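This report concerns only the one structure given below.
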Amino acid sequence: MSSNPVLTFTPEGIYCPAGDFYIDPWRRVDRAMITHGHSDHARWGMGRYLATHEALPVMRHRLGDIEAEGIAYGERRVIGGAIVSFHPAGHVPGSAQIRVEVGGEVWVASGDYKIIDDGLSTPFEPVRCHHFITESTFGLPVFHWEPQQTVAAYLNDWWRGCADAGKTAMLGAYSLGKAQRLISMLDPEIGPVLCHAAVENTNAVMRAQGITLPETILANKDVTAKTHPRAMVIAPPSALGSAWSKRFGPLESGFASGWMAMRGVRRRRAGDRGFIISDHADWDGLLWAIKQTEAENIYVTHGYTDIFTRYLNEQGWNAQVVPTQFEGESLDASDDSGEAA
Amino acid sequence: MKAFAALFTAIDQSTKTTIKVNALAEYFKAADDIDKLWTIALFSGRRPKRAVSTTRLREWGAEVAGIPLWLFEDCYPIVGDLAETIALVLPPNQTTDNRPLSQWINDLRAVYKADETAKKVFVLDAWARLGGTERFIFNKLITGGMRVGVSQKLMTRALARATDRDEAELAHRLMGNWHPDDTTWHALIEAQDASADASRPYPFHLAYALEGGPEALEHPADWRAEWKWDGIRGQLILRGGEYFVWSRGEELMTDRFPELARAVDYLPDGTVLDGELLVWHPGTAHPARFNTLQPRIGRKTVPKKLLKEAPVVLHAYDLLEWQGEDVRHLPFRERRAQLETACAAMPEEAPVKLSPQLKFSTPADLHAYRDGARDAQAEGLMLKRADSPYLAGRKKGDWWKWKLAPLTIDAVMIYAQSGSGRRANLFTDFTFAVRDGEALVPFTKAYSGLTDKEFREITAWVRKNTLQRFGPVRQVTPHHVFEIAFEGIQASPRHKSGVALRFPRMLRWRQDKPLAEANTLDDLNEMLRLYG
Ligand SMILES: [Zn+2]
Ligand SMILES: [Zn+2]
């Protein structure tokens, strides 16, 4: 590494000395560039925030009154001695990779990303760089995602089966990103889509910023299996099996996450059904993205960092693990403010 | 394979007993006899002869997946299952295949004697034809261990429903040494004479733990008490001039306990006993500790020296068959009386002894026995209703086990490692230490006892408090104190602390306790002195 790296890894987060700013810091700093609104990336208490126009509404919704500025994808901005721009990461609506250039050397911090076009988020665009900071949440060759329409078919078959058997289908999904993606995959012909308040609030924020979502109904206390037969309920995982869910009974529950690829995790967490769908890249997606950047130096954060890094080094990259407090797709985040799935 | 894969998926993805039993019963009604037979066999842990070594399977799996072998090997412990790891790393199947389960097993058997090249061709072809669950099942046919979330009990219930037969009778038919290679559906399930196999054991009657104390049992006079020995529960079968020893896990252990051969000299043919295998030196008042049994379990045959050092006797609790008659339906009181008569004239050197009944009249008497259980080398008491029949499986009401409270110690977590399979994304395996002045001395690992919620909480904490990484192991800030429960303690020069624990587990996360209140090495040594 050169004596003056463009980005460094500090206890506060990823730091750019030339621009004196941090990317997704987890301690309070003056100036923060935020890749996306998930709570392990967009934290409270920073002096100033910069994020994409599309990411800001959700951040304001979650963090309250913050001093924040929006930026368009691809717009270049000079901050101190650095040129900064945000590029689509395809993870959730508004998510970005942050490109930082200093003296001709280019670094990209990708935050969380996925390659598959989910129909809601601006699709991932590879950015050429010298140094690429990648996640590795699913950085093992056991993770291979099926196309979204295939998973949508599994999902709708399950829902239809439940509806025909007189049961409600209830799907656990994190309220930012995954929930809206699932809603957009559902076949509205089957029945009504009911959303837990945490999900419906985020739906409202997204609709207000111009994102088109199918019709959903807020599952307030008057909404039950009786008033809305054949329903699909989308709720945060913590609501599954809670007292709140009782009024939709009899029901079958499902869970949607990349972790569902593993039978053991599926059996522990899925309830009745597990659907393998993630807003993170799978093994092939990670490798494809890394190749596209043409970067030689790869920094690996959250997930199976040790194994993934060893593989990259063997394949000729100069890769290293960097410490992180990001959680990746945490199946077990204790509440819905945790990183989304 | 499709029908079987659908059954497997239905059972695997549900936690509801009724759904599992329904899926099984429907399958048993529709499938061919040979597929049914293999299904029962696979779900009860039987499998085809291994045609391909797992070493080859790993190599071929990595090769087809286009990944280095080390990467495959690193994935395996995370997934937690070899068959599944291979199924996951392989590229999607190119085509589909309609062969039923039994046909695949036949085809697998056909390459058993083939050379490596032919085996590889067969396996790679199967991988290209089978996707998802079917591929996983194919791999399981080779690696074995297709136990799903369905107990023998549920399978038997579904079978009873599908065939209109008595559940307990089916349970007995499914016990023992049968294999699809040398029986048929008809012979196993339908034929009149189900006792053709002399070694066939009876299903064990298992007890639930007694919550609270014996005060909950009405009419003490209706109950019998005995020691719950800390050995291996076993069934001794004397039929046709031979003897057979079965473990509770339905493992035939006859060759491991040659001293029991002499039982035929003291008991008549057509006798089956339920009892506990214990190391008990002649002339001593108590059995030896459980760990003295361990070398006897570990090997298939026993050297003479070990027979001397660790002589095993069966302490009989119950009589299941007498003079060739199944007597399980008789009340315990009568079975026991017959057992006592049979054992009355038993000489000192016989390898079978009567496990004593403990006389009592009040719950207080039972408390007194339990308080002395550790000294008697027992792990608690068994309480059995005097008029209870010998039932199949775990049943509530007639039999209770009332175990000793475990030993406990408060320890500090110092290392954490993530789990596998079910808990692949959580930190679940911890190393614990006791204090020794300013130092911390590791003394045990434990990986069970917390709720999923607690595991999630500690996982988040570990991520943020990692001091150092050693491969998959993380050294964490010494901070959290856990109450560790264990069943026994013994000196062990192999361990840094000098002790080894039996069945250590986390009893409680003591978030109320600061580090300074964790137990010390001196405390641990005192426990070794008292209980070791
Ligand atoms: Zn995220
Ligand atoms: Zn993240």
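Observations on the model:
- Partner shielding of A:140-147 amounts to 6, given as the average count of beta-carbon atoms from other chains within 10 Å of each residue beta-carbon.
- Sites A:TRP244 and B:GLU454 - FRET efficiency at Förster radius 25 Å, r taken between beta-carbons, to 0.05: 0.65
- Gain on full stretching of the segment that runs from B:ARG56 to B:GLU334 - 0.36 nm per residue minus C-alpha separation: 94.5 nm
- With each label modelled as a point 7 angstrom along the Cα→C-beta vector, the B:ASP265-A:ASN318 pair spans 8.0 nm.
- FRET efficiency for A:ASP222 and B:GLU251, using Cβ-Cβ distance with R0 set to 51 Å, rounded to 0.05: 0.30
- Residues in region B:74-90 reached by a label modelled at B:GLU116 [backbone nitrogen below 20 Å; 7 Å Cα→Cβ]: none
- Taking the alpha carbon gyration tensor of region B:2-143, multiplying each eigenvalue by 5 and rooting it gives semi-axes of 26, 18, 13 Å, largest first.
- At least 20 Å² accessible surface lost relative to isolated chain, residues of region B:446-473 (1.4 Å probe): B:ASP452, B:ARG456, B:ARG463, B:LYS464, B:ARG469
- Percent of C-alpha pairs per 5 Å bin, region B:205-403, short to long: 1, 7, 16, 20, 20, 17, 11, 5, 2, 0
- Full extension of the chain between A:PHE9 and A:ARG76 yields a length gain of 21.8 nm, computed as 0.36 nm times the residue separation minus the alpha carbon distance.
- Per residue of peptide A:299-310, the mean number of Cβ atoms on other chains within 10 Å of the residue Cβ is 2.
- Assuming charge only on the beta carbon of Lys and Arg (+1) and of Asp and Glu (-1), the dipole of the protein assembly as shown about its Cα centre is about 900 debye to the nearest 20.
- For the chain pair B and A, buried accessible area totals roughly 2900 Å², probe 1.4 Å, rounded to the nearest 100.
- Cα gyration tensor category, rounded, prolate or oblate, for region B:407-531 with a/c compared to 1.5: prolate
- For the protein assembly as shown, adding -39500 (n - 2.57) for each run of n ≥ 4 DSSP H residues and dividing by the number of residues yields -8500 deg cm²/dmol at 222 nm.
- Estimated Rh, the protein assembly as shown: Kirkwood, alpha-carbon pairs, angstrom: 31.0
- Rounded FRET efficiency, nearest 0.05, which uses the C-beta distance separating B:ARG99 from B:HIS186 and R0 of 41 Å: 0.95
- Eligible aspartates and glutamates near B:LYS49 by straight Cα distance, threshold 13 Å, same-chain separation 8 or greater: B:ASP107, B:ASP181, B:ASP182
- Within straight-line reach of B:LYS403, meaning a Cα separation under 24 Å, sit the following lysines at least 8 residues removed in sequence or on another chain: B:LYS228, B:LYS353, B:LYS359, B:LYS384, B:LYS395, B:LYS445.
- Alpha-carbon centroid distance for the pair region B:198-274 / region A:96-137, whole angstrom: 65
- Between B:ASP436 and B:ALA516, the contour length at 0.36 nm per residue exceeds the alpha carbon distance by 27.7 nm.
- Kirkwood Rh in Å, taken over all unlike Cα pairs in chain B: 26.4
- Probing with 1.4 Å while keeping every protein chain in the model, the per residue accessible area of chain B equals 45 Å².
- Protein heavy-atom surface of the protein assembly as shown, 1.4 angstrom probe: 50% of the accessible area is carbon and sulfur, with nucleic acids and ligands not counted.
- Inter-chain Cβ neighbour average for residues B:73-81, partner chain, 10 Å: 4
- Stokes-Einstein D (µm²/s) once Rh is taken as the Kirkwood radius of chain A over alpha-carbon pairs, at 37 °C in 0.692 mPa s: 160
- With every protein chain in place and a 1.4 angstrom probe, the accessible-area ranking of A:ARG207, A:ARG76, B:ARG135, largest first, reads A:ARG76, A:ARG207, B:ARG135.
The values are calculated or read from the model by the stated rules, or taken from the named source; none is laboratory data. Bear in mind the structure is a predicted one, so any value in this text is a computation, not a measurement. Positions of Cβ are generated from backbone atoms using ideal geometry, with glycine treated the same way; all protein chains shown enter the neighbour counts. With ligands, DNA and RNA removed, areas are computed over all heavy atoms of the protein, side chains included. Shrake-Rupley method; radii C 1.70, N 1.55, O 1.52, S 1.80 Å.
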